[in-house]
Structures are given as C-alpha cells and as structure tokens.
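Structure first, then comments.
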Amino acid sequence: MKIAIVKLSAMGDIIHAMVALQYIKKENPSLSIDWIVEEGFRQVLEHNPDIDNILTVNLKKIKKDKLALFSEIQKIRIYAQNNYDLVIDAQGLLKSAITAKLLGTNIAGFSKESIREGVASYFYGKKVKIAYESNAIERNVKVLTQPLNMNIAKEDILNKIPFLYYNQKETLKIELKEYIIFVVGASVVNKIYPKELFLEVANNLNDNIVVIWANENEHNVASYLSTLPNVTIAPKMNLNQLKAVIANAKLVIGGDTGPTHMAWGLNIPSITLFGNTPEERNTYITPINRVIKSNSIVNPLKLDKNDFSINTIQPQTIISLAKELLNA
C-alpha cells in the first residue's frame, strides 16, 4: 500500500505531524510513505527512515510568479503517477487540498468544522473531526492515523522516540561540548522574546550559550548577546545542521517557533516562551519540555497581532526553570 502525506509547511507544523510516522510504520511496516512538502522545508524530513520519498513543491513562488502555477501542477501530476492508494492532507488549506486532489482520488483530511479554510474539506472522501483549538500534535496524529484505522493515545506520544534525523558525518563547527541554545527569532515579531531580557537570562546562567540565527536581524541579536563571555554566535546553518546542533544541546530556550519545537522532536529539554499563542495547543508539555506563558488570554481561533505580552515574561522565571531542568 502506498500513501502520500501532504503537509507543506511550516517547520513546527511539519514536526508536529512527523511524530505520527513511527506509530504508522510500527503497525504497518510494509507501508510506503511519500511526503509532499514545500522545498524550503525538505531538510526537516530528510534522513527519516519512515519516509520513502520526499517530494517537493514550490507553491510559495506562485505569489510572485502566477505562471509558476502551471509548472507546479505538472510536477504534482508526475508525482501522481506513483498511484497512491491513499492521500492524506494534514494541512487543511485550500492549496494543500488541491494538491491532494491532483495526487489521487482516495483522499482523507480534516472535516469542515476542524479547519480554518473549511472549503478544503470538500476535496476529501474521508473526513476526520477534531476541534481546531485542540492540541496541534494530537490533531496531526489523528488526521494521519484515523484514516488507517489506528488510534494513538496521548501516552504513546509522550513515550515517542526522537524522530528528527541528520547526517552524522555533517559535523558542525561548534567547539563546545556542552551548551544551551537560544532561539532569538520567529516568523512573527510578537513571538520573539526581547534581546535585552535574553541578555539578562544569559548573564545569570553559568553555562555556555549558543545563539542560532537565520537572518540579519537575528544575527544582530546574536551579536548583541555575544558581548557576554559565555555566549557564542552559531555559524550559518542549514536545517540538517540545525537538527544536529539541537540534538547535542543541554537545553533549548526560545519562542513558539520551529527550532524550539525541534527540541521536543529530539527529546531535548526545552523552555518555550508563549505570549500571543496558546501553549496548550501549540506544544506538548513533558517533564523535560516546559513552557512559560504570559498572563494574556489567547483565543486560538483569533490570535491578537497586537499582543506582545511575551515581553512581560520575567527573566528570573526563565532562569529558575532553566536551572531546574539543567539540574534534573
């Protein structure tokens, strides 16, 4: 049996869905799984033994180049020649639903009530119902396993094996043997913890700290923090290298964003800082993966773009929790 999973983006969402693979393959070891993903996130999936083929699209470029639509459709039609027995749209957007429709005829996805773009559900023959505000990891696991007549319990997810893989030969030029990672960026500004408060956290931890960055603004923050003797700026990294550096960290601290969710996927201790997004929905809290939430009340169905309450999280709260996790 061949299945195709459509989960195009973003990094955290892909990671939340990937956890289901180990349970699917354990129950169906002969199952062939292809994953359709945006080109920029391919490396998140690479080296995973439960994925047979990673098939990329570049739907994002259609915004700038309308003619690219035709080449992307042609690419997906070529993928459809794999003759999938089942296509699962784990994204729940119109663009992912259309992608699924081009890939095959037997399609599963979220019910109309379970997604923001309810029209996408009209493309699915099998519909999975779970509240949109439910935990994102549980939502992804359910939409990927229920169409295969599987039921994965929360306890199973809590006892997951790490599922992000990287090339062991691709060493990263970080001389430190033990370090904490600071994730100082995010896709939206109100998920970013202020650099001045990060500085106070770094100044009160006696460990080596590596600051990862992905753009010029984040590199500037890393430079600001590197005035402290225990702070090192990471080199520019691809996503495979990022997996490697996180896999070898003692602790990861950052906002509700992809690299912080990588720590959860790798079973590495983490502290995720939440302001305008709901912690009960966007992560799994475990003994080693903890959260600190601001006092703002969040509606998962309508996030407040003007909520910068992450700025109110006190450095001492982070410092205390970090020391607790490091000494556990």
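A compact table of results
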item	result
Failed item in (1) buried (at least 16 other Cβ atoms within 10 Å of the Cβ); (2) farther than 24 Å from Asn238 by Cβ, with Val19 passing the rest	(2)
All strands (runs of 3 or more DSSP E) inside the stretch 226-305 with 3 or more residues being at negative phi and in contact (Cβ under 8 Å) with a residue 24 or more places away in the chain	251-255, 270-274, 289-293
Any hit, the stretch 29-43, residues being crowded, with 19+ Cβ neighbours inside 10 Å, touching a strand residue (DSSP E or B) at 6+ places or on another chain (Cβ under 8 Å) and part of a helix (DSSP H, G or I)	no
Failed item, numbered, when Lys7 is tested on (1) touching a residue at least 40 places away in the same chain (Cβ under 8 Å); (2) more than 14 Å from Val87 (Cβ to Cβ); (3) touching a Leu at 6+ places or on another chain (Cβ under 9 Å)	(2)
Cross-chain or 6+ apart pairs with Cβ under 6 Å, the stretch 105-132 first and more than 21 Å from Thr277 (Cα to Cα), then assigned to a loop (DSSP other than H, G, I, E, B) and among the charged types (D, E, K, R)	Ser111/Lys129
Residue in the stretch 72-91 that is free of Cβ contacts under 8 Å to residues at least 40 places away in the same chain, in a strand (DSSP E or B) and under 15 Å from Ile5 (Cβ atoms) present	no
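Conditions tested, residue by residue: (1) at pLDDT below 95; (2) of a type outside the set (Asp, Glu); (3) out of contact with any Ser or Thr (no Cβ under 6 Å at 6 or more places or on another chain); (4) in the same structural domain as Asp256 (by TED's automatic domain parsing).
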{"position": "Ser9", "(1), (2), (3), (4)": "no, yes, yes, no"}
{"position": "Pro29", "(1), (2), (3), (4)": "no, yes, yes, no"}
{"position": "Trp35", "(1), (2), (3), (4)": "no, yes, yes, no"}
{"position": "Glu39", "(1), (2), (3), (4)": "no, no, no, no"}
{"position": "Asp65", "(1), (2), (3), (4)": "yes, no, yes, no"}
{"position": "Ala68", "(1), (2), (3), (4)": "yes, yes, yes, no"}
{"position": "Asn82", "(1), (2), (3), (4)": "no, yes, yes, no"}
{"position": "Asp89", "(1), (2), (3), (4)": "no, no, no, no"}
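The values are calculated or read from the model by the stated rules, or taken from the named source; none is laboratory data. Predicted, not measured: the structure shown is a model, and the values here were computed from it. No Cβ is skipped: glycine too gets one built from the backbone with ideal geometry, and neighbour counts run over all protein chains shown.
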